[in-house]
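The values are calculated or read from the model by the stated rules, or taken from the named source; none is laboratory data. The model shown is predicted, which means the values in this text are computed figures rather than measured ones. We place every Cβ from the backbone using ideal geometry, glycine too, and count neighbours over all the protein chains shown.
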Amino acid sequence: MKRIVTTALAASLALGLAACGSDSGDGSASGAGDKSVTLVTHDSFAVSDDVLKAFEKQSGYTVDILKGKDAGSAVNQAVLSKDNPQGDVFFGIDNTLLSRGLDNGIFTPYEAKGLERIPEILQLDAGEHRVTPVDYGDVCVNYDRAYFEEKNLDPPQSFDDLADPRYKDLLVTENAATSSPGLAFLLATVDEYSKDGWEDYWSKLRDNGVEVVDGWEQAYYERFSGAGKGDKPLVVSYASSPPVLDMESRPKEATTGVSTGTCFRQIEFAGLLANAGNAEGGKALIDFLIGEQFQQDMPLQMFVHPVRMNTELPEVFLRYGEEIVGPHSLNPPTIDDNREQWIKTWTSLVVK
Amino acid sequence: MAVPAAFFAVFFAYPVGAIVARGLRDGGRWQFGRIPGVLGDPDVLGVLWFTLWQAAASTGLTLVLALPAAYVFARFDFPGKQLLRALVTVPFVMPTVVVGSAFLALTGRGGVLDGWWGIRLDTTVWAILLAHVFFNFAVVVRTVGGLWAQLDPRQEEAARVLGAGRLAAWRHVTLPALGPAVAAAALMVFLFTFTSFGVIQILGGPAYATLEVEIYRQTADFLDLPTAAVLSLLQLAAVAAVLAVHAWTVRRRERALRLVAPETTARRPRGAGERALLGGVVAVVAVLLLAPLAVLVERSFATPGGHGLGFYRALQESDGTFAVPPLEAVGNSLAYAAVATVIAVVVGGLAAAAVTRRAGPLVRGFDALLMLPLGTSAVTVGFGFLIALDSPPLDLRSSWILVPLAQALVGVPFVVRTMLPVLRAVDDRLREAAAVLGASPLRAWREVDLPLVRRAVLVAAGFAFAVSLGEFGATVFIAGPDRPTLPVAVARLLGRAGETNYGQAMALSTILMAVCAASLLLLERVRKNQAGEF
């Protein structure tokens, strides 16, 4: 009897596999065509339908968008699959992770058309053109205006302010190990207090009652009093958060403000993936990402700043946002050499 | 045996080996010298210590709370018993993201307990331990209760007639018979809690990490593959040890026990003491198991404009979070789970048949090996699939079949464990008798084997289906962005801010729960108190 059961089971397995075989054949055929180009990116990527359609019409390529999880794991996934990449262009590697991508050789050099319209300070790989800057944004402490007006207290503007007892128990930030704004905030303090002084600063911050949560959503929407039902009037978020928050209710003055001395600049890049199946299409796609249409569409889609000079900003950005002058930054190789050690030290200092 | 062995070689051993090798090989040479360095790291030791003690504590707590329930389900008859048994099993197959959010809704900031009494348990160890009890309650109830129901109560009565006190009779008669089953259940719970991932991530906050969480962080956050590889090997070794002990207890359990039909051992509870016990068990089940599920359902209807179907209606629209309306995830999940079930039943059935037919240490080793995927880090499997199955002849990376393959990997152990006892019980002489009486082999199979095995296949398929439906860890890495499964869609909705997204996540979870509960209720009808190993 067992032999018969076995045969029956084997037969159904063969049937199952045959069915799978024909289907997977269809699946891979659609990805391999020369007329489509695949963009690998993170889950925050967004673009207007008509802007994307315009590119498809004008270039003749259809675009497949493959979204991973957050930026960090998207980059890691690209590193792991570099010999046989999942697509042609990667978008969304930022200056905190750039060296990891470059050192692992996941990109092929390509000098994009229109590069001369991007300020040189944003072109971190200008010598080799392995990546092209597409947007930038600043991670800064946001404050709840109503809270500080009611308490008759000036909102903090600098890192020193945040450690001041007047602002005790008011700040919530994200876990630097799991959240990109959390890491940016840590890096900003390293830039401000140097490699030797940042640990002292964080001890003070801890003594001043800083709260750490896992992700940005939790910090901004659950703990921050300016945007949600939380009770903390200070949160680590983005310089573009105030325009986003107010874009629908449109109050006279922004309900939240930005502590301009606490900002860290994040620049996001796109690059042609090494071993890409459709390199020509990939190049066209990169040109498109820094072209006028995409750059104008981007602020209200992803709430970041266009890199293309003289791109007009949406009205809500001008009205509720603030242009950050002289933000903190660190060069990518320094970040890459120390990231892990800093996060480890930070974790044992603040979280545990 | 060839088919299941090949399946495991290609879809388990090879991908896992590839990702471990990526971490431990440098310039074509193995770098085992890295192992002591990682194991000597005090942070890693801290993680290992937490993994061990929380698993031990979770197992103890689960046993304390679930053993009385096993007794009640085995010995008492009461109205609604079948429904309650099915409900108790629902948590076991729920995806951790859903359970995590249910516990947050119950014990987190602004949750039900916070609102009523100001009690918050999130980011404490208690939330983790209680969530583990929630998940594994059914393992104890099913494994121990199934056997308990078939133990002849007259043996204990006989001992009492011979003058033994109540406790002594229990200790000398029932406990030795139950012991191996309790040990096996405890080991399974230990295995599941030792490799806990979603619960720790969602409820533990940044401060707690199990080995599994640390493997994920090292791989996905730091891309420190060498450390991740060493941790994966460490976890694999620990799991293999647990499984070896488990296999040993299972074999001891197979020693002959005098078993009777479960219908004859259960009766109405008598007296105040027994009724109090039943009441207590029902109360524990209600508070620990049903309350989180009920909160989830309640939240799915609690729209800003009062209770209604608003969140369910919103599931039909696509809003930019997904390329498709979230409701399509239901169809995706059902299709994936159906394919995964077919694969799991075929592979698991063949494996069970092979293990029954032959004995000896090799086959016993194979039996234990089949359980290994249950204890292997899902992130290791997911990333392994990503880097290993990407070149001809096995270029499956952009194919949808990867998802059901990964899900089947978790389903197979359940199929094997359900089919084994039944296959072992089929008496070869029955078939020979049929042949002697003139039946063709096909007819003999149809008349003798099929009726005996069919029920086990159905039960196994039901389990594999429910488990596949809930699989999250590996699926999240390989599910195509345009074809999310239910748990993946729930996780993505939970990761987005805003009341509507949260409500939609709760609504999708409720749908998932309903599908799981329905398939388990069907199972319950087919199964009629069979003593499987789960």
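Looking across region A:133-166, the residues that are farther than 30 Å from residue A:294 by Cα, in contact with a Phe, Trp or Tyr (Cβ under 8 Å, 6 or more places away or on another chain) and in contact (Cβ under 8 Å) with a residue 40 or more places away in the chain come down to A:144, A:155, A:156, A:159, A:161, A:163.
Filter region A:31-74 for residues that are part of a loop (DSSP other than H, G, I, E, B) and more than 15 Å from residue A:302 (Cα to Cα); which is farthest from the other protein chains (Cβ to nearest Cβ)? Here the answer is A:60. Among the residues making up region B:32-55, those that are away from every other protein chain (no Cβ under 12 Å) and exposed (fewer than 15 other Cβ atoms within 10 Å of the Cβ) are B:32, B:33, B:36, B:37, B:39, B:40, B:45, B:49, B:53.
So for region A:197-206 (the condition being touching a Gly at 6+ places or on another chain (Cβ under 8 Å), within 30 Å of residue B:204 (Cα to Cα) and either surrounded by fewer than 16 Cβ atoms within 10 Å (Cβ to Cβ) or at pLDDT below 95 (or both)), does at least one residue qualify? Checked region A:197-206: no residue is touching a Gly at 6+ places or on another chain (Cβ under 8 Å), within 30 Å of residue B:204 (Cα to Cα) and either surrounded by fewer than 16 Cβ atoms within 10 Å (Cβ to Cβ) or at pLDDT below 95 (or both). Are any residues in region A:343-352 of a type in the set (A, V, I, L, M) and either buried (at least 18 other Cβ atoms within 10 Å of the Cβ) or without any contact (Cβ under 8 Å) to a residue 12 or more places away in the chain (or both), and if so, which ones? Answer for region A:343-352, where residues must be of a type in the set (A, V, I, L, M) and either buried (at least 18 other Cβ atoms within 10 Å of the Cβ) or without any contact (Cβ under 8 Å) to a residue 12 or more places away in the chain (or both): A:343, A:350. Scanning region B:290-335 for residues that are over 15 Å from residue B:505 (Cβ atoms), at pLDDT 80 or above and not in a helix (DSSP H, G or I) turns up B:307, B:308, B:309. The number of residues in region B:123-168 that are under 22 Å from residue B:199 (Cα atoms) and surrounded by fewer than 16 Cβ atoms within 10 Å (Cβ to Cβ) comes to 1.
For region A:75-103, enumerate the residues that are within 10 Å of chain B (Cβ to nearest Cβ) and either closer than 22 Å to residue A:184 by Cβ or part of a helix (DSSP H, G or I) (or both). A:75, A:76, A:77, A:79, A:80, A:97, A:100, listed by residue number.
Residue A:4: in a strand (DSSP E or B), surrounded by fewer than 20 Cβ atoms within 10 Å (Cβ to Cβ) and modelled with pLDDT under 90, yes or no? In short, no. Of all the residues in region A:153-190, those that are more than 17 Å from the chain's Cα centre (by Cα), surrounded by 16 or more Cβ atoms within 10 Å (Cβ to Cβ) and closer than 14 Å to residue A:140 by Cα number 9.
Looking only at residues of region A:297-317 that are touching a residue at least 24 places away in the same chain (Cβ under 8 Å) and among the charged types (D, E, K, R), we find that the one that is farthest from residue A:263 (Cα to Cα) is A:297. Counting only residues that are assigned to a strand (DSSP E or B), of a type in the set (A, V, I, L, M, F, W, C) and over 17 Å from residue A:298 (Cα atoms), region A:243-275 holds 4 of them. Looking across B:169, B:131, B:183, one residue alone is closer than 30 Å to residue B:520 by Cα and out of contact with any Ser or Thr (no Cβ under 8 Å at 6 or more places or on another chain). It is B:131. Going by the conditions given, is residue A:264 crowded, with 24+ Cβ neighbours inside 10 Å, within 14 Å of chain B (Cβ to nearest Cβ), farther than 29 Å from residue A:88 by Cβ and at pLDDT 90 or above? Judged against the criteria, residue A:264 is not a match. So in region A:196-218, with the set limited to residues that are within 14 Å of another protein chain (Cβ to nearest Cβ) and not in a strand (DSSP E or B), which one is nearest to residue B:493 (Cα to Cα)? Filtering first and then ranking leaves A:217. The one condition from (1) touching a Ser or Thr at 6+ places or on another chain (Cβ under 6 Å); (2) of a type outside the set (Ser, Thr, Tyr); (3) farther than 25 Å from residue A:329 by Cβ that residue A:303 does not meet is (3). Pairing each residue of region A:318-342 that is over 22 Å from residue B:217 (Cβ atoms) and touching a residue at least 24 places away in the same chain (Cβ under 8 Å) with any residue that is buried (at least 20 other Cβ atoms within 10 Å of the Cβ) and among the aromatic types (Phe, Trp, Tyr), provided the two are 6+ apart or on different chains, yields C-beta distances under 9 Å for A:327/A:264; A:328/A:264; A:329/A:264; A:330/A:264.
The numbered conditions (1) hydroxyl-bearing (Ser, Thr, Tyr); (2) touching a Lys or Arg at 6+ places or on another chain (Cβ under 8 Å); (3) surrounded by fewer than 20 Cβ atoms within 10 Å (Cβ to Cβ) are all true for residue A:256 except (3).
If you go through region B:329-349 and keep only what is at the interface with another protein chain (Cβ under 7 Å from one of its Cβ atoms) and either surrounded by 24 or more Cβ atoms within 10 Å (Cβ to Cβ) or over 20 Å from residue B:11 (Cα atoms) (or both), you end up with B:343, B:346, B:349. Just so you know, in region A:163-187 the residues that are part of a helix (DSSP H, G or I) and touching a strand residue (DSSP E or B) at 6+ places or on another chain (Cβ under 6 Å) include one that is farthest from residue A:343 (Cα to Cα), and it is A:181. Among the residues of region B:56-69, some residue qualifies, meaning at least one is surrounded by fewer than 19 Cβ atoms within 10 Å (Cβ to Cβ), without any contact (Cβ under 8 Å) to a residue 60 or more places away in the chain and not in a strand (DSSP E or B). Of the helices (runs of 4 or more DSSP H) lying entirely inside region B:110-216, those carrying at least 2 residues that are at pLDDT 85 or above and over 25 Å from residue B:283 (Cα atoms) are B:175-194, B:211-216.
Residue check: residue B:209 meets all listed conditions (1) surrounded by fewer than 19 Cβ atoms within 10 Å (Cβ to Cβ); (2) within 11 Å of chain A (Cβ to nearest Cβ); (3) among the small types (Gly, Ala, Ser) but one, namely (1). Between A:190, A:139, the distinction of being among the β-branched types (Val, Ile, Thr), assigned to a helix (DSSP H, G or I) and closer than 26 Å to residue A:332 by Cα belongs to A:190 only. Of the set (1) within 14 Å of another protein chain (Cβ to nearest Cβ); (2) β-branched (Val, Ile, Thr); (3) farther than 29 Å from residue B:410 by Cβ, all apply to residue B:97 but (3). Please list, ordered by first then second residue, the pairs with beta carbon atoms under 7 Å, 6 or more apart or interchain, first in region A:58-78 and within 16 Å of residue A:283 (Cβ to Cβ), second assigned to a strand (DSSP E or B) and not polar (S, T, N, Q). Once the first residue is within 16 Å of residue A:283 (Cβ to Cβ) and sits in region A:58-78, its partners that are assigned to a strand (DSSP E or B) and not polar (S, T, N, Q) give A:61/A:37; A:63/A:37; A:63/A:39.
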